[in-house]
Amino acid sequence: MDKNEFLARFADVIQVSATDLTGDFVLNADNWDSLVHLGVIALIDELYGVTVPTQELKDCSSVDAVIGLIEQQLEKQA
Amino acid sequence: MFLCGCSYRTDRTAAGEAGIIRVGIDLVRTDRFEFIRGVGGRSFYRRVYTKPEQEAYGDMLSDLAACFAGKEAVSKILGTGLSLGSVDRVSCSDIEILYSQQHVLLSNQARGFAQQLGLVDIVVRFFVASSWVCAIAGGTTDIALHNKMLECIESAGRDVTSRLIHSQNM
């Protein structure tokens, strides 16, 4: 997966600058609500053609965790 | 401002137990919703809205945002929250809200959770304040509590609306 493309779009969703979005960027109540979860699930579907489970995505507390979840789903699909 | 309301009612009545009213609320900022919808693209639109909702609302932002908030509010009275297609959870498309026809249609997991909770009457009301849409859903196990439930919802709606207006004027 192209992490840079994902990070650029993901930064838009959570309304931060892409340059501030490092792997350990913390996802919390201020930037990680239910509308964002659904938007990110749809974004991942658009970019990679996989559906990440909603609860597992909600449980992600950092950007690295989200990327790990996507990679996990891509591996399952392979 | 009161926008409109939708309701879902079964013919079944709960017997023997004291009735329960469950209330769920969701707030969506329309500009934020429009942005997320754009990022999620067609996948978001296709997965969040049923075919009849897509036909009814087309590309009307305020209606799409209100419908989404309504689904969230209903999912909260079901105690589940929304997902985009997980088989073990309530999916967005399991809750259909067509307020032109004044109805909430539950299917699949949503219907199952409502039955487990004994809900026989579900109502959604929408309130608009500035750039916010507020949806408040109520569900009861006893149809006799319908009017009481509406009172709760409309009281909560007035409260939320006035707080939103107040916060934006500060």
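Miscellaneous remarks
- Residue match in the stretch B:80-99 (condition: basic (Lys, Arg), within 14 Å of chain A (Cβ to nearest Cβ), touching a Phe, Trp or Tyr at 6+ places or on another chain (Cβ under 7 Å) and farther than 16 Å from residue B:139 by Cβ): no
- With respect to (1) closer than 20 Å to residue B:36 by Cα; (2) modelled with pLDDT of 90 or more, the lone exception for residue A:28 is condition (2).
- Here residue B:42 clears all of (1) farther than 20 Å from residue A:44 by Cβ; (2) surrounded by fewer than 16 Cβ atoms within 10 Å (Cβ to Cβ); (3) touching a helix residue (DSSP H, G or I) at 6+ places or on another chain (Cβ under 8 Å) except the condition numbered (1).
- Of the listed requirements (1) touching a helix residue (DSSP H, G or I) at 6+ places or on another chain (Cβ under 8 Å); (2) surrounded by 13 or more Cβ atoms within 10 Å (Cβ to Cβ); (3) modelled with pLDDT of 85 or more, residue A:23 misses just one: (3).
- A count restricted to the stretch B:73-92 and to residues that are crowded, with 24+ Cβ neighbours inside 10 Å and either modelled with pLDDT of 95 or more or closer than 16 Å to residue B:136 by Cα (or both) stands at 6.
- Per-region count, the stretch A:18-73, residues at the interface with another protein chain (Cβ under 8 Å from one of its Cβ atoms), in contact with a strand residue (DSSP E or B) (Cβ under 8 Å, 6 or more places away or on another chain) and farther than 25 Å from residue B:29 by Cβ: 1
- Screening the stretch B:73-142 for strands (runs of 3 or more DSSP E) wholly inside it with 1 or more residues that are in contact with a Lys or Arg (Cβ under 6 Å, 6 or more places away or on another chain) and closer than 22 Å to residue B:31 by Cα returns the ranges B:132-140.
- Residues satisfying the stated conditions in the stretch A:53-74, i.e. of a type outside the set (Gly, Ala, Ser), at pLDDT 90 or above and either part of a loop (DSSP other than H, G, I, E, B) or under 13 Å from residue A:2 (Cβ atoms) (or both): A:59, A:60, A:67, A:70, A:71, A:74
- Selection over the stretch B:45-58 of residues that are within 11 Å of chain A (Cβ to nearest Cβ) and touching a residue at least 40 places away in the same chain (Cβ under 8 Å) gives a count of 2.
The values are calculated or read from the model by the stated rules, or taken from the named source; none is laboratory data. What you see is a predicted model; the values in this text were computed from it and never measured. With ideal geometry, Cβ positions are generated from the backbone for all residues, glycine too; neighbour counts draw on all protein chains shown.
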